[in-house]
Amino acid sequence: MRVIIPLHITGFWYVVESYNPVFTGSLGAGITLDPPVIAEESSYDCELLINDECVVSPVIVTARRLAQISSDSGVSLSSKVALGNGYGLSAASTLAYLIIKTGNTNRYTLNKAAITAHVAEVLNKTGYGDVIAEFYGGGLVLRTQPGPPGIGSVDIIPVSKSLKVVTVVLGSLTTTEMMLRYGLKINEVGKSVYRKFLEDTTIESFVDLAREFSLSVGMLSNDLDTLLKSKLSKYLSNGCVLGYFIKKKLLTVIVEDECLVEVTDILSRYVGLPKVFNIARHGLIVMPK
């Protein structure tokens, strides 16, 4: 079995808590990205192998316990990104792991796997909305009801095929660390920004509000904001760069394809090493043997 899952970067959100982790989640909006995570069963003596490196993941341990499956075989993933950088890789790897490991059992359905992955993420405080966004995918994903597939819900906003997503990793920050540092502001600002987005559900509005969110919360510093406005001013004014924002320590810039080369050159000179993604038009894809 091969499992293909897009990555996901949330632009803004707020957490909706419940006594039951199944109903805990977040409302917000984000973009799904290609190239995706590609996962297959592994013969190596490692429960989770990411880009040929054995990774010990508490989320995977929780997911295995919840699903009551053995650790006698593992799952191998290939990905353009690393854990802890804001791409939703933890959710993608947990979802892929559960689908592959339960695929030959009588408990196998995609929704069951997704619900277990979501609960494992919530219990470990590693994610609140990535599982459902990656499960459905489709581009710009609006989370309209918190929770996993089958309980939560999303709406999809189509975006132009000419758009690219350029990211620069500025450091590492786990979701737990992020919520400890910014949690109160995330929920305060996130509710306001989310309501604004519902009045104008366009990609342009999304990028503007994601910048407002990251600046107000404190993930985007005033110094970096000033630098980006200065260096990208030409492209921002002519609409070739729609905007930028930061999630955790991940700078994300939405760019028209026609000025991609110039923008990535500017970012590499003044900010850091850029990575370029397409906006994924798909969600979860399962290819049985």
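The values are calculated or read from the model by the stated rules, or taken from the named source; none is laboratory data. Here the structure is a predicted model, which means the values were calculated and not measured. Please note: Cβ atoms are built from the backbone with ideal geometry, for glycine as well, and neighbour counts cover all protein chains shown. The area values use the complete protein model at the heavy-atom level, side chains included, leaving out ligands, DNA and RNA. Shrake-Rupley method; radii C 1.70, N 1.55, O 1.52, S 1.80 Å.
The figures follow:
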read-out	value
Chain lengthening between SER153 and ARG107 when straightened (0.36 nm per residue, less Cα-Cα)	14.3 nm
Whole-Hz couplings from phi, Karplus 6.51/-1.76/1.60, listed for the stretch 194-202; x for Gly and Pro	4, 5, 4, 5, 4, 7, 8, 8, 10
Local electrostatic count, HIS282, Cβ distance below 15 Å [Lys/Arg +1, Asp/Glu -1]	+1
Cα lying deepest toward the dipole's positive end in the stretch 5-80, options HIS8, VAL56, SER73, charges on Cβ	HIS8
Local net charge near VAL3, Cβ-Cβ under 13 Å (Lys/Arg +1, Asp/Glu -1)	0
Reachable aspartates and glutamates, given that their alpha-carbon falls under 18 Å from the alpha-carbon of LYS161 and they are not under 8 places away in the same chain	ASP34, GLU204, GLU256, ASP257, GLU258
Sequence-separation-based contact order of the chain, relative, with Cα cut under 8 Å and 6+ spacing, percent	25 percent
Residues whose placed amide H lies under 5 Å from that of LYS249, excluding near-sequence neighbours	LEU173
Residue pairs, from the table LYS101/LYS275; LYS247/LYS275; LYS101/LYS249, whose Cα atoms sit over 21 Å apart	LYS101/LYS275; LYS101/LYS249
Theoretical gain in end-to-end length, SER18 to LYS191 [0.36 nm per residue, Cα-Cα removed]	60.6 nm
Stretch gain in nm, segment ASP34-ALA82, where the contour uses 0.36 nm per residue and the Cα spacing is subtracted	15.8 nm
Calculated [θ] (222 nm, deg cm²/dmol) that DSSP helices of n ≥ 4 give over the chain, each run adding -39,500 (n - 2.57)	-12000 deg cm²/dmol
Alpha-carbon centroids, the stretch 54-76 and the stretch 139-206: separation in whole Å	28 Å
Rounded tilt (10° steps) of 110-123 against the dominant C-alpha axis of the chain	70 degrees
³J(HN,Hα) computed for each position of the stretch 51-57 - Karplus, 6.51 cos²θ - 1.76 cosθ + 1.60, integer Hz, glycine/proline x	6, 6, 10, 6, 10, 8, 10
Two-site label geometry, ILE285 and SER160: point separation in nm, points 7 Å out along Cα→Cβ	2.5 nm
Label-point separation in nm, ASP200 to LEU227, each point 7 Å along Cα→Cβ	2.8 nm
Whole-number accessible area per residue in Å² for the chain, which is evaluated in the context of all protein chains at 1.4 Å	42 Å²
